[in-house]
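Engineer: Handing you a structure now.
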Amino acid sequence: RRRAGGGRGGGQCQTRSCGSGTAGCAVGGPAMGCGASILHGSKPEEENDVDRMMREAQEEAKNHHKMLLLGAGESGKSTVVKQVKLLYQSKGLSPEELSEFRHAIQRNAVETCQTMLRAMDDRAVGLADEARAEDRDTILALDDNASYSLEQAAAITRLWADGGVQDIFARRAEYWLLDATPYYMEHAERFAEDDFVPTEEDMIMARVRTTGIQVTDIKDPPDTFHVVDVGGQRSERRKWIQCFDDVKCIIFLCGLSGYHQVLFEDTSANRMHESLSIFDDVTKKDMFRDTMIVLFLNKKDLFESMIREHSLKECFPDYDGPDGEALPALEFIQAKFREVLEQNCPGKALMIHVVAARVRMDMKVAFGEVKDTVKRLKDKKSKRR
């Protein structure tokens, strides 16, 4: 009886193993024997140990907060993640990571130049200076494996100065083009220097399309925030469902400049309309009915310059505000998102931040406020218990 219930070694092992799962039963003996150990051999202090461990695990779980970044492609989710890492993670980048950013921004310079040159061909827009034809052929001939040289960078700089390229850039609402194109063009030759090391601004501006699921852990003792970034293109959205469990906060990103831009995967679709459609789909889900929703209206700097030349009526014919003014147009867009949320979740609050994610201070204030709100909600919930 002593051997079966609580004898030296065997009984104690059976009790702890059964508490943690069936694997322990295989080690300690048949399932029936395990049951006997729990009923007759466990000591009160051992049960208290288990209770204590469970309580500690529950307390630790309260301090872990999953924050899900959602939005259409090119809305700025990855830029937010990069800024959050720079703000909250003290460790610097490894040589491998710096090399990846160096290669990425060099490819950005080549690919954006190629995109504009192909758009010129599609729309029968010629070079203003035919002497640049050799430069055009050089850049169009580059593939993904081509090394980036000073000669290629100089060709990009000369093409960017050409009147025909500037004309097609002015028509960028007709085709897909990265927002940071001017940055890549203006710094193309610096990116090609032998001793080029990406600056923090270069890393923020570098564009690497997100595929799969990326998780960034931010520690703010005793709390840990798990920031989950998933690809925004349509082909990536089927993976979102994998991230929907136990979400404490959704940060939904919408690029304000998208009201006058098209999607990468569908040049007939407007980015702003796509964002509103995704926001509608997300806020309809029952699993998010009690989840905190935050809206980051991103790229305010691009929006402020774009709205002077392109009316919001191009995207929303029902807009009756003044053309060329950013504030009334911004308030109209905010109202559109609030209407969607009110329709799907009547009475639910929507926290909105208008930001330029590339600007460090904007992200420090916006993400800091979101983080603090999540912690306040946790404390409020704990007090109720």
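The values are calculated or read from the model by the stated rules, or taken from the named source; none is laboratory data. Everything numeric in this text was worked out from a predicted model, so none of it was measured. All Cβ positions, even for glycine, are placed from backbone atoms using ideal geometry, and neighbour counts span all protein chains on display. The protein model used for the area step is the full one, side chains on, heavy atoms only, and it has no ligands, DNA or RNA in it. Shrake-Rupley method; radii C 1.70, N 1.55, O 1.52, S 1.80 Å.
Engineer: Taking segment 293-322, which residues are among the β-branched types (Val, Ile, Thr) and either in a strand (DSSP E or B) or in contact (Cβ under 8 Å) with a residue 60 or more places away in the chain (or both)?
Structural biologist: 293, 294
Engineer: Quick one: would you say residue 156 is under 26 Å from residue 271 (Cα atoms) and surrounded by 20 or more Cβ atoms within 10 Å (Cβ to Cβ)? Spell out how you get there, then give the answer.
Structural biologist: Working: under 26 Å from residue 271 (Cα atoms): no; surrounded by 20 or more Cβ atoms within 10 Å (Cβ to Cβ): yes.
For residue 156, the condition - under 26 Å from residue 271 (Cα atoms) and surrounded by 20 or more Cβ atoms within 10 Å (Cβ to Cβ) - is not met.
Engineer: Moving on to the next point. Could we say that residue 137 is loosely packed, with under 13 Cβ neighbours inside 10 Å and under 31 Å from the mean Cα position of the chain (by Cα) here? Break it down into steps so the answer makes sense when it comes.
Structural biologist: Details: loosely packed, with under 13 Cβ neighbours inside 10 Å: yes; under 31 Å from the mean Cα position of the chain (by Cα): no.
No; evaluated as a whole, the condition is false for this residue.
Engineer: Restricting to segment 343-385, what's the tally of residues that are of a type in the set (A, V, I, L, M, F, W, C), open to solvent by less than 70 Å² (accessible area, probe 1.4 Å) and assigned to a helix (DSSP H, G or I)?
Structural biologist: The total comes to 5.
Engineer: Would segment 191-208 turn up any residue that is farther than 16 Å from residue 104 by Cβ and touching a helix residue (DSSP H, G or I) at 6+ places or on another chain (Cβ under 7 Å)?
Structural biologist: No, that holds for no residue.
Engineer: For segment 323-335, give me each residue that is open to solvent by 60 Å² or more (accessible area, probe 1.4 Å) and assigned to a loop (DSSP other than H, G, I, E, B). Give the derivation first.
Structural biologist: Filtering segment 323-335 down to residues open to solvent by 60 Å² or more (accessible area, probe 1.4 Å) leaves 323, 325, 327, 331.
Result: 323, 325.
Engineer: In addition: With the requirement that a residue be of a type in the set (A, V, I, L, M), more than 18 Å from residue 97 (Cβ to Cβ) and part of a loop (DSSP other than H, G, I, E, B), what does segment 184-209 give you?
Structural biologist: The answer is 192, and nothing else.
Engineer: Please count how many residues of segment 242-279 are farther than 30 Å from residue 171 by Cα and part of a helix (DSSP H, G or I).
Structural biologist: Qualifying residue count, segment 242-279: 2.
Engineer: Out of everything in segment 159-183 that is assigned to a helix (DSSP H, G or I) and touching a residue at least 60 places away in the same chain (Cβ under 8 Å), what residue ends up being surrounded by the fewest Cβ atoms within 10 Å (Cβ to Cβ)?
Structural biologist: Top of the filtered list is 174.
Engineer: On to the next question. Going residue by residue through segment 88-96, is there one that turns out to be acidic (Asp, Glu), open to solvent by 70 Å² or more (accessible area, probe 1.4 Å) and part of a helix (DSSP H, G or I)?
Structural biologist: Yes, segment 88-96 contains at least one residue that is acidic (Asp, Glu), open to solvent by 70 Å² or more (accessible area, probe 1.4 Å) and part of a helix (DSSP H, G or I).
Engineer: Go through (1) open to solvent by 20 Å² or more (accessible area, probe 1.4 Å); (2) touching a residue at least 12 places away in the same chain (Cβ under 8 Å); (3) in contact with a Gly (Cβ under 7 Å, 6 or more places away or on another chain) and name the single condition residue 263 misses.
Structural biologist: Result: residue 263 passes all but (1).
Engineer: Could you grab me the full set of residues in segment 50-84 that are surrounded by 16 or more Cβ atoms within 10 Å (Cβ to Cβ) and either modelled with pLDDT under 90 or assigned to a helix (DSSP H, G or I) (or both)?
Structural biologist: Answer for segment 50-84, where residues must be surrounded by 16 or more Cβ atoms within 10 Å (Cβ to Cβ) and either modelled with pLDDT under 90 or assigned to a helix (DSSP H, G or I) (or both): 72, 73, 74, 77, 78, 79, 80, 81, 82, 83, 84.
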